[in-house]
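For reference, the structure discussed in these notes is given below.
The values are calculated or read from the model by the stated rules, or taken from the named source; none is laboratory data. As the structure is a computational prediction, the values presented were derived from the model and not from experiment. Quick reminder, even Gly has a Cβ in these numbers, built from the backbone with ideal geometry, and neighbours come from all protein chains shown. Each accessible area value is taken on the protein alone, full model and side chains, heavy atoms only, with ligands, DNA and RNA left out. Shrake-Rupley method; radii C 1.70, N 1.55, O 1.52, S 1.80 Å.
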Amino acid sequence: MNHDVVVDRPAAQGPTQVSADNVFDTADSDGDGSLLPLDVERLGLGGDWHTLDANGNGVISRQEFRDQFASPLVQATLRLPGDAERMQPLVSSDFLLPPEPPAQRYVPAPIETAPPASMTMPTDAPLVIPVLIDDQEAAAIDHAASEATTSDSDDAAVPVN
């Protein structure tokens, strides 16, 4: 069970044998005898993390890597430095749509009239100018308005002979 696993992989010059231990040693960036997520990602096996990390401790030991190395899942996604022709893009382009033909491209309508050079106000428009007043003036205006209202109602209540 502690033996290296060797698999045949297709290559441009014909099938080559690849050793699990050699791949493991190359991927182990810090040389501590285990693979971290970044090491596994560089091999293209990031999506296979839960398969490789059998005991779930967050690192992949040499034996865990050996146990899964020959599996079709790992071999289908494993990227080695010499696998340039087999490399798949990191992001699929399946979502891209074919380009639109020129007849379907958006073209804004031409502007046929010149924009106005300036804005003018009609001469008959009412002109309202806000006036700032203090609280005493506002109270006096309110008082005068209420007196005018009450005097109007008093005049209506008095009968004319």
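Things worth noting here:
- Other residues within the sphere of radius under 9 Å centred on the Cβ of residue 28, judged by their own Cβ, net out at -3 (K and R +1, D and E -1).
- Around the amide H of residue 16, modelled in the peptide plane, lie the amide H atoms of 9, 11, all under 5 Å away and 5 or more residues distant in sequence or on another chain.
- Cα-based Rg / Dmax (Å) for region 1-85: 12.2, 39
- With all protein chains in place and ligands, DNA and RNA left out, the 1.4 Å accessible area ranks 113, 51 as 113, 51, largest first.
- Average accessible surface for region 1-68: 57 Å² per residue, computed with a 1.4 Å probe over protein heavy atoms with every protein chain in place.
- By average C-beta atoms within 10 angstrom, highest first, the peptides 19-25, 136-142: 19-25, 136-142
- Separation in nanometres of the label points that stand 7 Å from Cα toward Cβ, at residue 59 and residue 147: 9.4
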